[in-house]
1. Do the conditions hold for TYR8, that is, is it in contact with a strand residue (DSSP E or B) (Cβ under 9 Å, 6 or more places away or on another chain) and either open to solvent by less than 60 Å² (accessible area, probe 1.4 Å) or not hydrophobic (A, V, I, L, M, F, W, C) (or both)?
2. Among the residues of segment 21-43, write down those that are among the polar types (S, T, N, Q) and surrounded by 12 or more Cβ atoms within 10 Å (Cβ to Cβ).
3. Any residue in segment 60-74 that is open to solvent by less than 100 Å² (accessible area, probe 1.4 Å), within 15 Å of the chain's Cα centre (by Cα), modelled with pLDDT of 85 or more and farther than 26 Å from LYS10 by Cα?
4. Taking segment 49-69, which residues are part of a loop (DSSP other than H, G, I, E, B) and either in contact with a Cys (Cβ under 9 Å, 6 or more places away or on another chain) or small (Gly, Ala, Ser) (or both)?
Amino acid sequence: MSLINKIYIKLFYQEVGQDQFGNIYYVSNRKNTLGKNRRFVYYNGIDDGSKIPPLWHAWLHYMMDEVPAKDQKFYPWQKDHQPN
């Protein structure tokens, strides 16, 4: 990440969490035209959408409002997420 990006993120975004792959999730301090704060992910390594676990994907796309807990599973038969 370049120095300019780091400064921009520090000024306008707030870190909300990190997943098991090292991806860092942010939410903006200002609201967009729909009245929601912008959410985005900074990938650890190569930018690949399959590296985002299902709960974080739901949070990024405003399907849920609460930030996912680390290693949260709903059912005992669920396996850990593996990127493609």
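1. Criteria not met by TYR8.
2. ASN23, SER28, ASN37, listed by residue number.
3. No, because not a single residue in segment 60-74 is open to solvent by less than 100 Å² (accessible area, probe 1.4 Å), within 15 Å of the chain's Cα centre (by Cα), modelled with pLDDT of 85 or more and farther than 26 Å from LYS10 by Cα.
4. ALA69
The values are calculated or read from the model by the stated rules, or taken from the named source; none is laboratory data. Nothing here was measured: the structure is a model prediction, and the numbers come from that model. Backbone-built Cβ (ideal geometry, glycine too); neighbour counts: all protein chains shown. Surface accessibility is based on the protein's heavy atoms, side chains included, excluding ligands, DNA and RNA. Shrake-Rupley method; radii C 1.70, N 1.55, O 1.52, S 1.80 Å.
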